[in-house]
C-alpha cells in the first residue's frame, strides 16, 4: 500500500517538472468591460442627474400616496356596505323569522278532551298576508266539540302584522292503541305583503296514547298451512270506570280467508259484531273460524278494530277506540293438498243450477321421510246437495250418514306408504237439487261446502311416530234461476184492445204486450227488461200496473222496464199497449210486434250477471187462447 502511494507521488512530481507542463487558465466570473472615466468634475451634469433622481423619487411617493388613499377609500366603502347590508338584513323576508310554537300534552288518555295551541309569531319587518294554518292528523284524532274525525284541519289566520303573535286553538280527542305515539304535521301557508308567491313552513309534534277506553287482544297463529282451518281469538276489554255504551267490533280478513263460523255469530255480515254495553273492567270473547289459503311464505294480515257505533250506519264504527293487527305466514304442509272444481282453483266457484260439479283432490308428500296410512276425507255440506248424485272415484266410499267420502289404503293401496315427493289424486262429483223458477221449494243462497282432511303418520327424527293433518276447503255457489216470460195478447190482459182480427192493411189494431220475471233461490238486483218496437208499431203510453218503471225512448224506439230488486222466489209482471198498422207488403205474414226481449240482473249471492232472452213477439198470438189460427196473419 505504501509503495503505491509513493509511486503516484513520484509520477506527479515528474509531471510538474516536465518541460511540456501547461498551467491551468483562470476563468473570470464577471465580464470585463472598459469604462472611460472623466478627468475632471462636471458640475452641470451632476446637477441634472441629481434632479432626475429627485423627480423619480417624488413620482414614487405620489404613486404610493394614491395607492394608500385608494385602499383607505375602498375599506371605508366596504364598511359602509357591510353596515347597510347588516341593517337591511333585519328587513329581509325569511321563513326563519316566522315561528310556530305548539303547546300540546306529551301523553293523553284515550277519549280525554285536550286543547292544542298553535302560537304563530311574525318576526319580519313586513306583514304576512293570507296565512292559513293546516294541521294533518293521523287516524285516531276527533273533534271534542262535534266528535267528527280530524284528518285535515284548516284554519284561516289572515294577516299577521310585523311582530304580531297569533294563537289558534284546536280542541280534540285522541283514541288509539295503548302506548302508541301519533305524529301530527303542522303547515303554515302564507304570502308576504306585496308578493303573490305562496310560502310554507312546517313543523311536527307527537302525542302518546297513555291508555284506551277499550282494549283489544288478537290471538292468531303465526304459521298455518294453506287450506288449513284458522282460528282467531278476540278479547275486548273495558278500561274505564263507566259503562262504554254500544260498541262495534269489525274484522278485516286477509285475501284468501274464507269465513266459516264465529262464536258469537256476527251481528252484521261475517265481520261485524255489536256489543250493547261493556261494564267497567268487563271482557268479551269472540272466536272466529275460517279457512286460510295462500302461497308458501305469503304473509296474511288480519286487522281488528273496536269503537263507537256510527250514527250514519249501525254496521260501521263511528270513533275507533283501538285496533290491532296480527300476521300469519303460510307454510308448506308435510302432506300437500290441492283442490280443483271443474278445473278451477278458486276458493269459491260459481255455477248454474242443473250443472254437475267435478272435484279433484291432488295430494303430495312434501316430507323428506315416507308417510304411512294416508286417509283422505271430503265432507259435503249444503242443503242443496243432491245426495243421490254423489259419485266417488275408484277406491272412494260415500258415507251417506254424514255425507263424507273416504279414501284409504283399503281402496287405494298407494296410500299405504307414500314415499317423499310421491303424488296422486282422487275425485268425486255431485249435482244440486232442482231449484228452477218453476219449482215450489225454495232454498235461499244455495251452496255446497266440502271440507277435505288428509291424515297420515310421519316418523320424526327421533324415531317416534306422529300424526299429521292437512286441511283444505272449497265452496260451490249456485246462481239463481232467473226466467223471463214474454207474450202478446188481444183478448186477455189489463187493456181492451181494438181493431180488426185478423189485422187488415192500413187499419190499426191494438195489442197487449206482457213481461213476467220469475226468480228462484237468490235475490236479484238491478233487474231490467228491454225490447224495441218496429217502425210500423206505435207506443200508446198505457202501462199496467202504473208506476212500474216502464220507459219508452222515441229516438231508438226502445222499451225499458226497470224491475229493480226481485226477492228469492219472487215474481214480477208488467203490461203495456201498442198499435199495429199493417202494410200491403205484410199480407199473409205474422209480422213482429217487438224485437228480441232481453232480461238482465245481478245475483246478490253469487255476484254473477244473469241474462235470459226471448225471441220477438208476433201477431201469432199463441198465448191468447181466444185467438184462432185464421186471425193471426195480415189480410187485405
_Suppose we filter segment 335-357 for residues that are at pLDDT below 90, crowded, with 18+ Cβ neighbours inside 10 Å and farther than 30 Å from residue 368 by Cβ; how many remain?_
1
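Quick grid of which residues meet (1) touching a helix residue (DSSP H, G or I) at 6+ places or on another chain (Cβ under 6 Å); (2) under 30 Å from residue 477 (Cβ atoms); (3) at pLDDT 95 or above; (4) not assigned by TED's automatic domain parsing to the domain that holds residue 514:
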| residue | (1), (2), (3), (4) |
| --- | --- |
| 576 | no, no, yes, no |
| 600 | no, yes, yes, no |
| 611 | no, yes, yes, no |
| 615 | no, no, yes, no |
| 622 | no, no, no, no |
| 627 | no, no, no, no |
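What about residue 265, is it part of a strand (DSSP E or B) and in contact with a strand residue (DSSP E or B) (Cβ under 9 Å, 6 or more places away or on another chain)?
On the way: part of a strand (DSSP E or B): no; in contact with a strand residue (DSSP E or B) (Cβ under 9 Å, 6 or more places away or on another chain): yes.
So residue 265 does not fit the description; no.
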*Inspect all residues belonging to segment 367-381 and state whether any of them is more than 27 Å from residue 606 (Cβ to Cβ), in contact (Cβ under 8 Å) with a residue 12 or more places away in the chain and in contact with a helix residue (DSSP H, G or I) (Cβ under 6 Å, 6 or more places away or on another chain).*
yes
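From 157, 186, which residue is modelled with pLDDT of 90 or more and either within 18 Å of residue 212 (Cα to Cα) or not assigned by TED's automatic domain parsing to the domain that holds residue 243 (or both)? Write out each step before concluding.
Working: 157 fails: modelled with pLDDT of 90 or more.
Every option except 186 fails the conditions.
Residue check: is residue 360 crowded, with 16+ Cβ neighbours inside 10 Å, in contact with a helix residue (DSSP H, G or I) (Cβ under 7 Å, 6 or more places away or on another chain) and over 12 Å from residue 448 (Cα atoms)? I'd like the intermediate steps shown before the answer.
Working: crowded, with 16+ Cβ neighbours inside 10 Å: yes; in contact with a helix residue (DSSP H, G or I) (Cβ under 7 Å, 6 or more places away or on another chain): no; over 12 Å from residue 448 (Cα atoms): yes.
Answer is no for this residue.
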*asked:* Can you find, within segment 181-190, the residue that is farthest from residue 131 (Cα to Cα) among those that are over 24 Å from the mean Cα position of the chain (by Cα) and surrounded by 15 or more Cβ atoms within 10 Å (Cβ to Cβ)?
replied: 186
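Rundown of residues vs (1) modelled with pLDDT of 95 or more; (2) out of contact with any strand residue (DSSP E or B) (no Cβ under 9 Å at 6 or more places or on another chain); (3) more than 17 Å from residue 360 (Cβ to Cβ); (4) crowded, with 18+ Cβ neighbours inside 10 Å, yes/no style:
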position	(1), (2), (3), (4)
403	yes, no, yes, yes
420	no, no, yes, no
428	yes, no, no, yes
450	no, no, no, yes
_So residue 395 ticks every box in (1) in a strand (DSSP E or B); (2) on the phi > 0 side of the Ramachandran plot but one. Which box is left unticked?_
(1)
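Within segment 462-490, take every residue that is touching a strand residue (DSSP E or B) at 6+ places or on another chain (Cβ under 9 Å) and assigned to a loop (DSSP other than H, G, I, E, B) and give me the one that is nearest to residue 346 (Cα to Cα).
First pass over segment 462-490, keeping only residues touching a strand residue (DSSP E or B) at 6+ places or on another chain (Cβ under 9 Å): 465-490.
Restricting the remaining residues to those that are assigned to a loop (DSSP other than H, G, I, E, B) gives 479-482, 490.
On the way: 479: 16, 480: 20, 481: 23, 482: 25, 490: 51 Å.
Out of the qualifying residues, it is 479.
Condition check ((1) more than 28 Å from the chain's Cα centre (by Cα); (2) free of Cβ contacts under 8 Å to residues at least 60 places away in the same chain; (3) surrounded by fewer than 18 Cβ atoms within 10 Å (Cβ to Cβ); (4) assigned to a loop (DSSP other than H, G, I, E, B)) across all residues:
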{"residue": "203", "(1), (2), (3), (4)": "yes, no, yes, no"}
{"residue": "210", "(1), (2), (3), (4)": "yes, no, yes, no"}
{"residue": "216", "(1), (2), (3), (4)": "no, no, no, no"}
{"residue": "224", "(1), (2), (3), (4)": "no, no, no, no"}
{"residue": "230", "(1), (2), (3), (4)": "no, no, no, no"}
{"residue": "233", "(1), (2), (3), (4)": "no, yes, yes, no"}
{"residue": "236", "(1), (2), (3), (4)": "no, no, no, no"}
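Of these, 593, 617, 621, 610, which one is within 46 Å of the chain's Cα centre (by Cα) and buried (at least 18 other Cβ atoms within 10 Å of the Cβ)? Show your work before the answer.
Values: 593 fails: within 46 Å of the chain's Cα centre (by Cα); 617 fails: within 46 Å of the chain's Cα centre (by Cα); 621 fails: within 46 Å of the chain's Cα centre (by Cα).
Exactly one residue qualifies, and that residue is 610.
Do the conditions hold for residue 324, that is, is it surrounded by 13 or more Cβ atoms within 10 Å (Cβ to Cβ), within 17 Å of residue 213 (Cα to Cα), touching a residue at least 40 places away in the same chain (Cβ under 8 Å) and not assigned by TED's automatic domain parsing to the domain that holds residue 175?
Numbers: surrounded by 13 or more Cβ atoms within 10 Å (Cβ to Cβ): yes; within 17 Å of residue 213 (Cα to Cα): yes; touching a residue at least 40 places away in the same chain (Cβ under 8 Å): yes; not assigned by TED's automatic domain parsing to the domain that holds residue 175: yes.
So residue 324 passes the test.
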*Report whether or not residue 454 is within 29 Å of residue 344 (Cβ to Cβ), at pLDDT below 95, assigned to a strand (DSSP E or B) and under 34 Å from the mean Cα position of the chain (by Cα).*
no
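For the subset of segment 92-111 comprising residues that are touching a strand residue (DSSP E or B) at 6+ places or on another chain (Cβ under 8 Å) and loosely packed, with under 15 Cβ neighbours inside 10 Å, which member is farthest from residue 208 (Cα to Cα)?
The extreme case among them is 95.
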_Matching residues, segment 554-582, being within 15 Å of residue 521 (Cα to Cα) and buried (at least 20 other Cβ atoms within 10 Å of the Cβ)_ = 566
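The values are calculated or read from the model by the stated rules, or taken from the named source; none is laboratory data. All values reported here derive from a predicted model rather than from experimental measurement. When we count neighbours, we look across all protein chains shown, and the Cβ atoms used for this are built from the backbone with ideal geometry, even at glycine.
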